[in-house]
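Student: Please see the structure below; I have some questions.
The values are calculated or read from the model by the stated rules, or taken from the named source; none is laboratory data. None of these values were measured; they are calculated from a predicted model. Every residue, glycine among them, receives a Cβ derived from its backbone with ideal geometry; neighbour counts consider all protein chains shown. We work out accessible area using only protein heavy atoms, side chains counted, and drop any ligands, DNA or RNA first. Shrake-Rupley method; radii C 1.70, N 1.55, O 1.52, S 1.80 Å.
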Amino acid sequence: PRVCVVGSGPAGFYTAQHILKHHDGALVDIYEKLPVPFGLVRFGVAPDHPEVKNVTNTFTQTARSQRCAYYGNVTVGRDVTVPELQQAYHAVVLSYGAEDNRVLGIPGENLPGVYSARAFVGWYNGLPENRDLKPDLSCETALILGHGNVALDIARILLSPLQLLRKTDITDSSLAALACSKVKRVWLVGRRGPLQVAFTIKELREMINLPGARVLLDPADFKGLESAVRDAPRPRKRLTELMIKTALEKPVEMQAAAAGEVPPREWGLKFQRSPQEVLPSADGSRARGIRMALTQLEGSGDSAKAIPTGDVEELECGLVLSSIGYRSVPLDPAVPFDSQRGVIPNSSGRVQGVPGLYCSGWVKRGPTGVIITTMNDSFDTAQSVLEDLQGGVLDISPSREGFGLVESILHSRGVRPVSFSDWEKIDAAEVARGKAAGKPREKIVDPAEMLRIIGH
């Protein structure tokens, strides 16, 4: 059986890995629109979290398997359609993730100084489409809308001492911009309360321990939470206890402040505030602040809803980052898509109404969870493919040409794919450039330059 996987992030690689491991004869081809593989492991994981990127070692082993091939620089839906892939393969798995972001839907959202978290993360992580973002970091106060791990990542990057970032694979140009940044205060704002934050304890602890940054938490926000959290699941309980402890204790910085030393930077969490409007500067040329509706919670736990109370509050800030979630987009008219939920309708990864078509990862279940969540989800989809092969649902008696057919289609359209050994040349060039600068790698952010390196 010939199987094709669209997307080379964690979902794509884990799906391929599981199929290859549990079917001795399957051949798997992975297609990726960028010349370089690994999706959000390369472009989403924070530069100062190198240990999370170690999964690429496993992905590299998969890609080097005799029964696996990687074809980068191929945009499915444009260079080759999904129906064309279905003619070339017995099964097609869509694992292309979430390449858009949710919008706030409020006035002023498009003012200069307002950015999506997705674009900002892409900028400092070297995602080609965000390389020219040039965020304006000339203000003192930044406000991040959202209480997830991505919001904490951004706050940490904005406030981290430069000597810490210099040792990471953050891009050269974003490091230069951060070196000139005037941002010294970051607020993370959420519509709901401390019991509904979506970040995890590891990320919170890292933020609390950030050198040279003071934490601003209002003890009033945490009143009575000890009893409310008593029966909560252990991760939620530990996370809330850490916030309460941090809010109530007088940290070293407070003692330093009493002695007249002011820490250069600070960050804090604001709760039960929902953005209403980004306020323009007097000349209307850029963002100068945000108006927020104060909310009260109806219900409890994860299902609590934030209802506006009628009161509003304004906060001055020159930089607004919206971290309210990523969003998947439809890939090809031939593939059903639920635009309300931003997913491909499926059952255990089997795309509804299209036999032989599957999906895994964020496009299957929505943009939530960490790499391990995606791994389990992808194994689940791969299992569906294996069951359908075993049960004869997927007929493999007609032989399929696989890449042989796709190659002639791509050739006729003037598209030259990038192989995994091509990527290894780009990888070597990045590592060599990084070594010269004392970094693990210096990412190449221009696809044209990537293609030049491999002589395309």
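Student: What number of residues within the range 50-59 satisfy the criterion of being open to solvent by less than 40 Å² (accessible area, probe 1.4 Å) and either over 12 Å from Ile30 (Cα atoms) or in contact with a Lys or Arg (Cβ under 7 Å, 6 or more places away or on another chain) (or both)? Let's see the steps before the verdict.
Tutor: At the first step, the residues of the range 50-59 found to be open to solvent by less than 40 Å² (accessible area, probe 1.4 Å) are 53, 55-56, 59.
With the extra rule that they be either over 12 Å from Ile30 (Cα atoms) or in contact with a Lys or Arg (Cβ under 7 Å, 6 or more places away or on another chain) (or both), the set shrinks to 53, 55-56.
Number of matching residues: 3.
Student: Continuing with this model, one more query. Among the residues of the range 238-251, write down those that are modelled with pLDDT under 95 and more than 15 Å from Lys223 (Cα to Cα).
Tutor: Passing the criteria: Lys250, Pro251.
Student: Continuing with this model, one more query. Filter the range 431-456 down to residues that are more than 22 Å from the chain's Cα centre (by Cα) and among the acidic types (Asp, Glu), then give me how many there are. Write out each step before concluding.
Tutor: We begin by selecting, within the range 431-456, every residue more than 22 Å from the chain's Cα centre (by Cα); these are 431-439, 448-456.
From what's left, among the acidic types (Asp, Glu): 449.
Counting residues in the range 431-456 that are more than 22 Å from the chain's Cα centre (by Cα) and among the acidic types (Asp, Glu) gives 1.
Student: Quick one: in the range 1-28, of everything that is within 20 Å of the chain's Cα centre (by Cα) and in a helix (DSSP H, G or I), which residue is surrounded by the fewest Cβ atoms within 10 Å (Cβ to Cβ)?
Tutor: Filtering first and then ranking leaves Tyr14.
Student: Based on this model, can you work out whether Arg192 counts as more than 30 Å from Asn73 (Cα to Cα) and among the basic types (Lys, Arg)?
Tutor: Spelling it out, Arg192 is indeed more than 30 Å from Asn73 (Cα to Cα) and among the basic types (Lys, Arg).
Student: Can you tell me which of (1) under 22 Å from the mean Cα position of the chain (by Cα); (2) assigned to a loop (DSSP other than H, G, I, E, B) is the one Ser65 doesn't meet?
Tutor: Among (1) under 22 Å from the mean Cα position of the chain (by Cα); (2) assigned to a loop (DSSP other than H, G, I, E, B), Ser65 violates only (1).
Student: Condition (residue is of a type in the set (Ser, Thr, Tyr), under 23 Å from the mean Cα position of the chain (by Cα) and at pLDDT 95 or above) applied to the range 174-185: is it met by at least one residue?
Tutor: For the range 174-185, residues of a type in the set (Ser, Thr, Tyr), under 23 Å from the mean Cα position of the chain (by Cα) and at pLDDT 95 or above: present.
Student: Name the residue, out of Trp423, Trp362, that is open to solvent by 30 Å² or more (accessible area, probe 1.4 Å), of a type in the set (Phe, Trp, Tyr) and under 21 Å from Val55 (Cα atoms).
Tutor: Details: Trp423 fails: open to solvent by 30 Å² or more (accessible area, probe 1.4 Å).
Sole residue among the options that is open to solvent by 30 Å² or more (accessible area, probe 1.4 Å), of a type in the set (Phe, Trp, Tyr) and under 21 Å from Val55 (Cα atoms): Trp362.
Student: Next question, about the same structure. I need the full set of residues from the range 29-60 which are under 17 Å from Tyr71 (Cα atoms) and either part of a loop (DSSP other than H, G, I, E, B) or touching a Leu at 6+ places or on another chain (Cβ under 6 Å) (or both), in order please.
Tutor: Glu32, Lys33, Leu34, Pro35, Val36, Pro37, Phe38
Student: Starting from the range 109-136, take each residue that is in the same structural domain as Ile157 (by the TED database) and list its partners that are among the acidic types (Asp, Glu) and open to solvent by 40 Å² or more (accessible area, probe 1.4 Å), counting only C-beta distances under 8 angstrom and pairs at least six apart or across chains.
Tutor: Pro112/Asp136; Gly113/Asp136; Arg118/Asp100; Gly122/Glu129; Pro128/Asp446; Arg131/Asp446
Student: Picking from Asp231, Asp221, which residue would you name as being within 25 Å of Thr295 (Cβ to Cβ) and open to solvent by 70 Å² or more (accessible area, probe 1.4 Å)?
Tutor: On the way: Asp221 fails: open to solvent by 70 Å² or more (accessible area, probe 1.4 Å).
Only one candidate passes the filter, namely Asp231.
Student: Just a yes or no: is a residue in the range 337-357 charged (D, E, K, R), touching a residue at least 40 places away in the same chain (Cβ under 8 Å) and in the same structural domain as Asp24 (by the TED database)?
Tutor: Of all residues in the range 337-357, those charged (D, E, K, R) come to 338, 341, 350.
Within this subset, residues satisfying the condition of being touching a residue at least 40 places away in the same chain (Cβ under 8 Å) are none.
No.
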